[in-house]
There are 2 protein chains.
Amino acid sequence: MDKEIIKKIKGIVGRQRVLESFEERLCYSYDGTVQRGIPALVVFPENTQEVAEIVKLANEKEFPIFPRGAGTGLSGGSVPQDRGIALVLTRMNKIKEISKEDLLAVVEPGVITEVFHQAVEKEGLFYPPDPASLKTSTLGGNVAENAGGPRAFKYGVTKDYVLGLEVVTPQGDIMRTGGRTVKNVTGYDLTRLIVGSEGTLGIITEITLRLLPKPQAKQTALAIYDKMENAAQTVTAIICEGIIPATLELMDQTTIHCVENYLNMGLPLDAEAVLLIEVDGSPGQVVEEMKLVKVACEKNGCRQVQVAAEATERDRLWKARRAVSSAIVQLKPTKISEDATVPRSKIPEMVRRLKAISTKYNLYLPVFGHAGDGNLHPNIIADKRDHEEMERVEKAVAELFQAALDLGGTLSGEHGIGLMKKTYLVWETGDVGINYMKAIKNAVDPKGILNPGKMF
Amino acid sequence: MDKEIIKKIKGIVGRQRVLESFEERLCYSYDGTVQRGIPALVVFPENTQEVAEIVKLANEKEFPIFPRGAGTGLSGGSVPQDRGIALVLTRMNKIKEISKEDLLAVVEPGVITEVFHQAVEKEGLFYPPDPASLKTSTLGGNVAENAGGPRAFKYGVTKDYVLGLEVVTPQGDIMRTGGRTVKNVTGYDLTRLIVGSEGTLGIITEITLRLLPKPQAKQTALAIYDKMENAAQTVTAIICEGIIPATLELMDQTTIHCVENYLNMGLPLDAEAVLLIEVDGSPGQVVEEMKLVKVACEKNGCRQVQVAAEATERDRLWKARRAVSSAIVQLKPTKISEDATVPRSKIPEMVRRLKAISTKYNLYLPVFGHAGDGNLHPNIIADKRDHEEMERVEKAVAELFQAALDLGGTLSGEHGIGLMKKTYLVWETGDVGINYMKAIKNAVDPKGILNPGKMF
């Protein structure tokens, strides 16, 4: 990278917050996918003003900026491309405010999701979004990719909790969107536009998040099914009872086998599916709802259902679900984790199609995920050193996207487009949709400074 | 309007769906505000194709289009300006689908909100957004203005229920945004951008709405306070108990007087405030929550609290709140209904400032509204024929906007900007925000065909 630019950047953030060596830059060349891209420079701003000055400089000298948090993304959204600088926001990690009265918090983008969960729960409050990466992912990354998680079925995804943002625009101006009120219809909803825009429309430097009172009680059930069909019917039956569980997780037989081989916790290897169902709310509500959940399971051909009210018991039931990601990579080292999402009623058909794809291309394809909102996680387990296999993987991925769209679903429920799915975007949005999005991008970032090459 | 254009439009929709006479056009020159603008032509399309053809023609001949539903808006958002055609979407009023399994509905924009409420509730489902205009307003209008309502405190506003849209772009192309799944992060969130864009970024021709199971039980309480202070403290106390009531409505003394004079239902004229609190959910939950609500009221200096579980009893308590709009216009004929919104904790201070403004300008200024989310409705009651008074009204409005912003609030919680608040928009968004919005508008509607003159 141009020495003069590096000098100017050091002038803005100080030399100790700039990394230049190949080895250091290598550490910021990837996220949670197979995508790689070594940045020309790694920069750690500590406040909004520094971010704004760097973006202004980028516009003047025309170099691209790739904002990132912890790099746990699953779409390549934060992976740098040639010549660009990686702008790492992890040092902007202050929780500025938690207001019990206004049910909101104000945070910097680098706050780790789990740290935030603990901070608000200590106040008797609740921030529902719970992406699987929450132990390491940052709130800024969650917002930029609009992260979901198991609790999204009842509580919605990240965008449903963002009240307002402070954003550095692609021109380097500081902009405030939304605010501190749940109701705000003042002008276009730029907050919602920037949430999930993967760092292409602005760099998030402050987030105002809506909070809820912490649910007082919880109960969890593990239901075992001989037939996937029956598990899917149960999901519908529970909803028709008027119940929205906090989480409604599904594991298919391949996943059950992986977890059992990994943990030996006595999961039934002959079961086609397992449902993990958690209800929360007021103590009375939880008892009422779990009673109806149990009936719905039994009425719909469930072989066995265990209910846990105590924390330790609940953890035991969750253990299998939490182990899935580690368990499935025991099969082979490379995990291509997809999040194609279908309308709830199409889950059985989607699972059938995934099985067919797995057979057709002779690939490991365990299916698990958030059955409540149709957000399955078909994971293809392969070995990236096996090129012939990776070609089959590519074909299989394309077919599973097509299957999701055929069933009225979407390419991505919670991971985003980034680099991984950009070639498929047009399948869902059509040319009209993509052109509308590109028009917006070009209007606010004419020089293509922010995260170029992503999404489109 | 150019005869040749009129001929072409008749060719698209048929002559019987075009209104030309002055008297007929006059009927489409206003909404719920004092704004007026007579369209050059009134057109009633019946399907998306017709809308698209009209927009393409508008681009070719460069005439503006002002889309509208029932014209109940409170910001002037749908009021036509010179030379334009009023595009009335009320004939596109089919409910295309209600899916219990997928918890969603697909509707045309002309469906009346209350008709939709009844249709989904018949299926045991629930669509929370409940703007006061729901008996006449259309879902398309609700989406275009992102309507709220009393239930927004617990359930959110219209945007929280829009899963997907079919939109005719300002260029006349047909675009689909979002879809049928709650989770969707495929590209920019154009759905949320178009919701609340007041017909300036596209014409909504189909809406996919998220539904909830219908809450099984409800209880309502009416709490009477000697001091406004105590009513406000109660709101906070209830939330700190971990309860989010379905509605939490406030009426100040002026409002109480208006309602009592109008209905003679025995409201206490010496009370400074009344709270109407409704909790809903499972039967057990409702009982638990109302118990805690009652305690919170009594602990915070409530003079008297009546609780109603039965429908007829609940209706009696709601009667006062529902009569407010009719009651306050008994003072004077012109109602300037504002919706400045502040963070919940700032309600007492906002009410104090509103009282001061009312005194300073010697105007009737009853305050009521949605205390739960800080969305108060300061209504200025005047006579538009009295020019001197209307000048004082204008000054008072500007001051109440400034007060809301000073307290970290917003110009508009649920009515929108339209024509009424456009001159104040910059106070909240700043130049950077407005320029970002204008860049988007100009990028997708370079000729300024859709609803020009609104918002900016």
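Each value in this text was obtained by applying a stated rule to the coordinates, not by laboratory testing. As the structure is a computational prediction, the values presented were derived from the model and not from experiment. Neighbour counts are summed over all protein chains in view; Cβ atoms, including those assigned to glycine, are modelled from backbone coordinates with ideal geometry.
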Eligible lysines near A:K227 by straight Cα distance, threshold 20 Å, same-chain separation 8 or greater: A:K294, A:K299, A:K346, A:K355
Residues B:T359, A:T113, A:T136 arranged by fewest to most Cβ contacts within 10 Å: B:T359, A:T136, A:T113
Cα-based equivalent ellipsoid, region A:332-385: semi-axes from gyration tensor eigenvalues, Å: 21, 13, 6
Loop trypsin sites (Lys or Arg not before Pro), region B:41-84, which have at most 15 other Cβ atoms in a 10 Å radius of their Cβ (DSSP): B:R83
As computed over chain A, the Cα convex hull volume per residue (Å³): 147 Å³
Coordinate range along principal axes, alpha carbons of region A:288-335, Å, largest first: 43, 27, 15
Top positive-direction residue, dipole computed over the protein assembly as shown with Cβ charges, set A:N264, B:M290, A:Y361: A:Y361
Inter-chain Cβ neighbour average for residues B:341-351, partner chain, 10 Å: 4
Cα-based convex hull, region B:254-393, per residue volume (Å³, whole number): 120 Å³
Cross-link reach list, lysines versus A:K3, counting only Cα pairs under 20 Å and skipping chain neighbours closer than eight places: A:K56, A:K61
Average beta carbon contacts from partner chains per residue of A:406-415, 10 Å cutoff: 4
Dmax and Rg, reported as Rg then Dmax, of the protein assembly as shown (C-alpha, Å): 27.6, 83
Percent breakdown of C-alpha pair distances by 5 Å bin, ordered from the shortest bin, for region A:369-456: 3, 11, 18, 21, 18, 13, 10, 5, 1
Compactness index (Cα Rg / 2.2 N^0.38 Å), region A:1-115: 1.14
Across chain B: Cys residues that no other cysteine approaches within a C-beta distance under 4.7 Å: B:C27, B:C240, B:C258
Amide H contacts of B:R83 (H built 1.01 Å from N, under 5 Å, at least 5 apart or other chain): B:A40
Whole-Hz ³J(HN,Hα) from phi, Karplus 6.51 cos²θ - 1.76 cosθ + 1.60, for region A:32-46, glycine and proline x: x, 10, 7, 5, 9, x, 8, x, 6, 7, 10, 10, 10, x, 10
Size of region B:84-166 as Cα extents on the principal axes (Å, biggest first): 41, 27, 22
5 Å-binned pair-distance histogram of region A:215-330 (Cα, whole percent): 2, 13, 23, 23, 20, 12, 6, 1, 0
Separation between Cα centres of region B:389-456 and region B:59-105, rounded to whole Å: 21 Å
Order of A:I238, B:I440 under a 10 Å beta carbon neighbour criterion, fewest first: B:I440, A:I238
Proximal lysines relative to B:K96, as straight alpha-carbon distance under 18 Å, when same-chain residues fewer than 8 apart are discounted: B:K122
Given charges at Cβ of Lys, Arg, Asp, Glu: region A:215-330 dipole, positive-most of A:V329, A:A221, A:T312: A:T312
CD proxy at 222 nm, helix term only [per DSSP H run n ≥ 4: -39500 (n - 2.57); per residue of chain A; nearest 500]: -11500 deg cm²/dmol
Region A:323-432: trypsin sites (Lys or Arg not before Pro) in DSSP loop, at most 16 other beta carbons within 10 Å: A:K384, A:R385
Flagged links, alpha-carbon separation over 21 Å, of A:K100/A:K214; B:K395/B:K421; B:K159/B:K218; A:K8/A:K94; A:K159/B:K218: B:K159/B:K218; A:K8/A:K94; A:K159/B:K218
Using a 7 Å Cα-to-Cβ projection, A:L292 label spacings across copies, nm, ascending: 2.0
Label distances, nm, A:D386 versus same residue in remaining copies, Cβ-directed 7 Å point: 8.5
Relative contact order [Cα under 8 Å, 6+ residues apart], chain B, whole percent: 16 percent
Cleavage-rule hits (GluC sites (Glu not before Pro)) in region B:306-355: DSSP loop, at most 11 neighbouring Cβ within 10 angstrom: B:E310
